[in-house]
Structures are given as C-alpha cells and as structure tokens.
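What follows is one structure encoded as structure tokens, with my remarks underneath.
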Amino acid sequence: MTAYVEECRQEWKRLGVPDLLAEEMATELESDLAEAQADGVSAAELLGESDPRRFAANWAGERGLVREPAPPKRRRIWPWIVVALFLVLFVTWTALQTAGHGSATRGRPVEVTPSRRVSVPNVIGMKACKALRTVAHTVDDWRIAGHPYGSTCDETVVGQSPVGHVIRRDGHPVIVTLRVGRS
Amino acid sequence: MLRGVLDLCLLAVVVDEPAYGYEMTRRLRERGLSTVGEGSIYPLLGRLEREGLVATHREASDGGPPRKYYSASPSGRRALSEGVRAWRDVRGEVDSVLATIEAEVA
C-alpha cells in the first residue's frame, strides 16, 4: 500500500502538483487503502487501477492540478502595429504642417531672393597685382583688358567693370574686367 | 452517459450525510453498486470538487490523520435533482429498447 502511494507522490511531483495538495491526496489515499485492507478489499478493487502513476495522473488531472503545457510563443505583432500607427500619424502631421505653412505664405507677394549679392570693390587706381588679389576674393573670375600678357605689377588699374554691388545668379559667374595701364 | 451516472451515484451517497472516499465506496456497495469501474471514485470526486458540486471538510479519525469528508453542495444538490430526472427519462427509454430486444432473443 505504501509503495502504491509513494508512486503516486512521485507522479504528482513530476506533474507539478503543489506539494500541499499532493500530500493531502496521499494522506487521503493512504487512510482509505489502510481501511480497505482491514476490510479485506484490495487496492485494485478499491482503485480499479493497478498502475499507480496512471491513477495519480488521472486524479490530479480531474482535480485540475496538472499544469497545462505552455503554448508555443507567438510572435507579438502589436508593437509593430503601434510603431506603424505612429509613423502614419507622424507623416500625416508633417504633411499637414507643410501644407499649412505653404498656404500661409501663398498669400504673400513672391519675393525673389538673389542667389548671392556680391560687392565688387573698386580697385581703380590700385597697383595691378594688389587689385587682382583684392577682387579675386570676391568675384568668380577676372580678366585683364588691353595687353594682359605684358602687364606687370607696377601698372595701375585705370578701369574696372563692374564696380559695386552685383547680383550673382546661379550659372552666371561674376567676372571682373580690369583695364591696366601706366599711370 | 455512464460516467455522468456515476457522478449522480456519488452525489446520492453524500447528499444526506458526508462521507470520506472509502466510506462512499462502501455505501455504493451497500446500495448494490459493487463495481465502480475503471479509475475508481477518486478522479470523479476530484472533478466534482473542482466543479463545486461537492464541499469538503476534515474530521479527526480514530488514531489516524484527519479524514477528508465530502458532502453535496447546494449546486451539487441541484445537479443531482436534475440528473436523477434525466436519468429516469433515459432509463425508461433504454428499458423500452432493451425490453424489445430481450423479447426477440427469448
């Protein structure tokens, strides 16, 4: 009898039945088996099951004490749904902001901003080389009119075009033409 | 169907007076049900307890550990009443079917 109950205990332990409940069932079974034996009733007659482990599993299962195997983990998709929702909201919000900003400025007069405003220094009267260094910092290119190959640094700038503020538009470099000569 | 009938028998033997497991087996035998069948009464008692059809309590026993006593709960009494009515209906129908077959065999 004790061996039968001990087998049941092991099975309940294996099945994860809480210890207190397993002990309660073991005590109940042990008392009943002892009383049945005193009456001349065998364990098989009383329990109708010669396999203690099967009996123990059946009893614990019917009492709802056997842990169900954990279901396989499913990939959670709700975080991705939330992220996608935020992205959609963000894109929508950005589009609305842009549209709102555009409509706010639509009423204003169109202001054509120059690509770049260039101030060409007046170098007339300057020595040729110094004049070139000066304008080279502000303009895209320069030309020497007259006889450039024969010019020297000692010569003086006697003419310049353009002078002062000019607008440099894309694709149109500012070129200064200097006329040098001996002063 | 037979499993449900055994549940009714168990409720029937504790509806008036609580009993522990082996005592229930004894009462069943005294009333004519000598073989409970495969699996014994303990798993069935476990299910009845889980479903709230029986209530349990412990009582001291002579010299041994306290015994676990079972009694029919209010919902167990209702289940017993409905079950007995259903069983009697079924029993009458089954008896009619079996009576015909017995007459033919005889």
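Numbers at a glance
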{"quantity": "Residue in region A:34-64 that is nearest to A:Glu11 (Cα to Cα), counting only those that are in contact with a Leu (Cβ under 7 Å, 6 or more places away or on another chain) and more than 8 Å from chain B (Cβ to nearest Cβ)", "calculated": "A:Ala57"}
{"quantity": "Complete set of residues in region B:56-85 that are part of a strand (DSSP E or B), within 14 Å of another protein chain (Cβ to nearest Cβ) and surrounded by 13 or more Cβ atoms within 10 Å (Cβ to Cβ)", "calculated": "B:Thr56, B:Arg58, B:Arg67, B:Lys68, B:Tyr69, B:Tyr70"}
{"quantity": "Test: A:His147 is under 31 Å from the mean Cα position of the chain (by Cα), modelled with pLDDT under 75 and surrounded by 10 or more Cβ atoms within 10 Å (Cβ to Cβ)", "calculated": "no"}
{"quantity": "Index of the failed condition, B:Gly46 passing every other in (1) out of contact with any Asp or Glu (no Cβ under 6 Å at 6 or more places or on another chain); (2) facing chain A (nearest Cβ under 9 Å)", "calculated": "(1)"}
{"quantity": "Residue that is nearest to the chain's Cα centre (by Cα), among those in region A:25-67 that are among the charged types (D, E, K, R) and not in a helix (DSSP H, G or I)", "calculated": "A:Arg67"}
{"quantity": "Restricting region A:1-22 to residues that are in a helix (DSSP H, G or I), modelled with pLDDT under 90 and within 21 Å of A:Ala36 (Cα to Cα), the residue that is farthest from the other protein chains (Cβ to nearest Cβ)", "calculated": "A:Ala3"}
{"quantity": "Region B:37-65: number of residues that are closer than 13 Å to A:Asp32 by Cβ and not aromatic (Phe, Trp, Tyr)", "calculated": "6"}
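The values are calculated or read from the model by the stated rules, or taken from the named source; none is laboratory data. Since this is a predicted model, take the numbers as computed values, not measurements. Cβ atoms come from the backbone with ideal geometry, glycine included; neighbour counts cover every protein chain shown.
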